[in-house]
Structure formats: structure tokens, C-alpha cells
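This report refers to the structure that appears directly beneath it.
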Amino acid sequence: MPRGDKSAYTDKQKRQAEHIEESYEQRGVSKDEAERRAWATVNKETGGGKKSGSGRGHAVTHEPSRKGGKAGGTASAHRPAEERSASAKKAAETRKKNEK
């Protein structure tokens, strides 16, 4: 089976990847990168494409989906308030400039 072939995945896994990909695209990630991240998440959660055979099952965990949100912000929480404020102001200026 060539790399990138999705025939070994279940319909549920394909739907999961589709929803995850849409979510990334809504957040401004490019189509290719969103697809790559979506399949990486599905692989991490479900253990990749499902293969038949006794004893080859894998527990499904949604921890990889939650992990990103939990990790975000921890570094900034350790920075002083002035530094966080300056960073936020700079980001706002950049956004405003990019809108023009």
C-alpha cells in the first residue's frame, strides 16, 4: 500500500479526520497542513488504520485532541504582567496593520 493511501481506515476515522481538518482550516491553517495535522491526530488517537486480526486492537483516547489547548498558555503564565501586556499590544498592532 503506497504512503498516503487511506483505504485501511474505517469510515469513522475518515469522518473524524474530515471534521478535524475543517476545524484547522477555520482557524486559518492551510489546506495541506490542516489535512496533515488531522490525519496525525486520528493516527495518534486510534492507532492508525484499523487492521483485522485478534489482539490487534488499540484503546481509543482523545487526549491528543485536548493536549494542544492545555499546553497553550502555560509559558505565558510564567511571564510578568508587563511583558504579557506588551506582547498582546504588539500582536494587536500587527493584526491591525495586516487588515489594511
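Please work out if Lys14 is of a type in the set (D, E, K, R) and either in contact with a helix residue (DSSP H, G or I) (Cβ under 6 Å, 6 or more places away or on another chain) or modelled with pLDDT of 90 or more (or both). The answer is yes for Lys14. Scanning the stretch 21-44 for residues that are touching a helix residue (DSSP H, G or I) at 6+ places or on another chain (Cβ under 8 Å) and within 18 Å of His58 (Cβ to Cβ) turns up Trp39, Thr41, Val42, Lys44. Of the residues making up the stretch 1-35, those that are part of a loop (DSSP other than H, G, I, E, B) and surrounded by fewer than 15 Cβ atoms within 10 Å (Cβ to Cβ) are Met1, Pro2, Arg3, Gly4, Asp5, Lys6, Ser7, Ala8, Thr10, Arg27, Gly28, Ser30.
Every residue, every condition in (1) surrounded by 10 or more Cβ atoms within 10 Å (Cβ to Cβ); (2) modelled with pLDDT of 75 or more; (3) not charged (D, E, K, R), yes or no:
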{"site": "Thr41", "(1), (2), (3)": "yes, yes, yes"}
{"site": "Lys44", "(1), (2), (3)": "yes, yes, no"}
{"site": "Gly47", "(1), (2), (3)": "yes, yes, yes"}
{"site": "Lys51", "(1), (2), (3)": "yes, no, no"}
{"site": "Gly55", "(1), (2), (3)": "no, no, yes"}
{"site": "Ala59", "(1), (2), (3)": "no, yes, yes"}
{"site": "Gly68", "(1), (2), (3)": "yes, no, yes"}
{"site": "Ala71", "(1), (2), (3)": "no, no, yes"}
{"site": "Pro80", "(1), (2), (3)": "no, yes, yes"}
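The values are calculated or read from the model by the stated rules, or taken from the named source; none is laboratory data. Since this is a predicted model, take the numbers as computed values, not measurements. In this analysis, Cβ positions are derived from the backbone assuming ideal geometry, glycine residues included, and neighbour counts consider all displayed protein chains.
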